[in-house]
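To keep things clear, I will list the structure first and then write my remarks on it.
The values are calculated or read from the model by the stated rules, or taken from the named source; none is laboratory data. Predicted model only: the values in this text are computed from it and were never measured. When we count neighbours, we look across all protein chains shown, and the Cβ atoms used for this are built from the backbone with ideal geometry, even at glycine. The accessibility values were calculated without ligands, DNA or RNA, using every heavy atom of the protein model including side chains. Shrake-Rupley method; radii C 1.70, N 1.55, O 1.52, S 1.80 Å.
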Amino acid sequence: MSAVNPSGEITAAQRNLTAYGTIVRRELTRILRIWGQTLVPPAITMTLYFMIFGGLIGRQVGAMDGIRYMDFIVPGLVMMSVIQNSYGNISSSFFGAKFGRHVEELLVSPMPNWVILAGYVTGAVVRGLMVGTIVLAIAMLFSRVNMPHPLVTLTTVLLGATIFSLAGFVNAVYAKKFDDIAIVPTFILTPLTYLGGVFYSVKLLPAWAEAATHFNPVFYMVNAFRYGLLGTSDVSMWTAYSLMLAFIVGLSALALWLLKRGVGLRS
């Protein structure tokens, strides 16, 4: 069926697609224009992680769950970089739109709220995937990545990036100053990632700590991604996917509700 009705007018679907493409193009242009700030720092940071934790400390640690320690930490470090960059991209970009007062132009336009959300989330997910690909390429210089389950690998990184893009959007909506953007990554996101099984197997923890780790959503994402890359995991894939999908549904509903109410967006 044609997207244009018999009178020659542009349909709502075409308008939404154009609006969505415009937001995504703007986000990608921003990411690539300042590539020295968006893509290079994560690559340098993760290279240092591989050299220090995987190379120097890894020699003393030995194997983890029967896997060479350098290989074991690769999935966690890749997922950590994806999570941090997806979150950071959308929180800074959308808050910048608030600060510059041009987010109001989006809200008063005929563009549906879901298109606004989808455009910003897509841009953040793309940045997360770009950084994740760079980090994985660097990891191949230090380790052997076989990827026995490529579909699990791809879907896990997409779901993880989407979850933290939505979380970053919610943070940007509530933020009143630039300092507010750094609070969640510093006091919530960083502890969750470091305690999410990036550098160790949960089986090494005491019983109480292992039980507490199962309340950490990053733990499920890291282990699902580790299963995709290495074929081993501390959690069931059904549990991991169910939890990730539940987070996406819940955060999407919250973000759309905030946009509809104009919380923190309309003065």
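Answer yes or no as to whether G58 is in contact with a Lys or Arg (Cβ under 8 Å, 6 or more places away or on another chain), assigned to a helix (DSSP H, G or I) and buried (at least 21 other Cβ atoms within 10 Å of the Cβ).
yes
Quick check on region 210-218. Is at least one of its residues among the aromatic types (F, W, Y), loosely packed, with under 15 Cβ neighbours inside 10 Å, within 21 Å of V82 (Cα to Cα) and at pLDDT below 90?
No, region 210-218 contains no residue that is among the aromatic types (F, W, Y), loosely packed, with under 15 Cβ neighbours inside 10 Å, within 21 Å of V82 (Cα to Cα) and at pLDDT below 90.
Let's see how each residue does on (1) closer than 25 Å to M130 by Cα; (2) among the β-branched types (V, I, T):
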position	(1), (2)
V152	yes, yes
I163	yes, yes
A172	yes, no
D180	no, no
F187	no, no
V198	yes, yes
V202	no, yes
A211	no, no
F215	no, no
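May I ask you to say which residue of Y87, Y20, Y120 is touching a helix residue (DSSP H, G or I) at 6+ places or on another chain (Cβ under 7 Å), hydroxyl-bearing (S, T, Y) and over 22 Å from D180 (Cα atoms)?
After applying the criteria, what remains is Y20.
Looking at (1) open to solvent by less than 40 Å² (accessible area, probe 1.4 Å); (2) touching a helix residue (DSSP H, G or I) at 6+ places or on another chain (Cβ under 7 Å), which is the one condition that is false for S201?
Result: S201 fails condition (2) only.
Okay, residues lined up against (1) under 12 Å from R226 (Cα atoms); (2) open to solvent by less than 20 Å² (accessible area, probe 1.4 Å):
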{"site": "H149", "(1), (2)": "yes, no"}
{"site": "T153", "(1), (2)": "yes, yes"}
{"site": "L158", "(1), (2)": "no, no"}
{"site": "F169", "(1), (2)": "no, yes"}
{"site": "F178", "(1), (2)": "no, no"}
{"site": "I183", "(1), (2)": "no, no"}
{"site": "F187", "(1), (2)": "no, no"}
{"site": "G197", "(1), (2)": "yes, yes"}
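Does region 91-114 contain at least one residue that is under 13 Å from the mean Cα position of the chain (by Cα), within 30 Å of K177 (Cβ to Cβ) and in a helix (DSSP H, G or I)? So that I can check it myself, show each step before the final result.
So the first thing to find is which residues in region 91-114 are under 13 Å from the mean Cα position of the chain (by Cα), and the list is 91.
Now restrict to residues that are within 30 Å of K177 (Cβ to Cβ): 91.
From what is left, the residues that are in a helix (DSSP H, G or I) are 91.
Yes, region 91-114 contains at least one residue that is under 13 Å from the mean Cα position of the chain (by Cα), within 30 Å of K177 (Cβ to Cβ) and in a helix (DSSP H, G or I).
Checking V235 against (1) over 23 Å from G197 (Cβ atoms); (2) modelled with pLDDT under 95, only one condition comes out false. Which one?
That leaves (1) as the condition not met.
Being closer than 23 Å to F187 by Cβ and open to solvent by 30 Å² or more (accessible area, probe 1.4 Å) is the requirement here; does Y87 meet it? Break it down into steps so the answer makes sense when it comes.
On the way: closer than 23 Å to F187 by Cβ: yes; open to solvent by 30 Å² or more (accessible area, probe 1.4 Å): no.
It is false that Y87 is closer than 23 Å to F187 by Cβ and open to solvent by 30 Å² or more (accessible area, probe 1.4 Å).
Which one of these is open to solvent by less than 10 Å² (accessible area, probe 1.4 Å), modelled with pLDDT of 90 or more, β-branched (V, I, T) and farther than 21 Å from L259 by Cβ: V40, V78?
Just a single option satisfies the conditions, and that option is V78.
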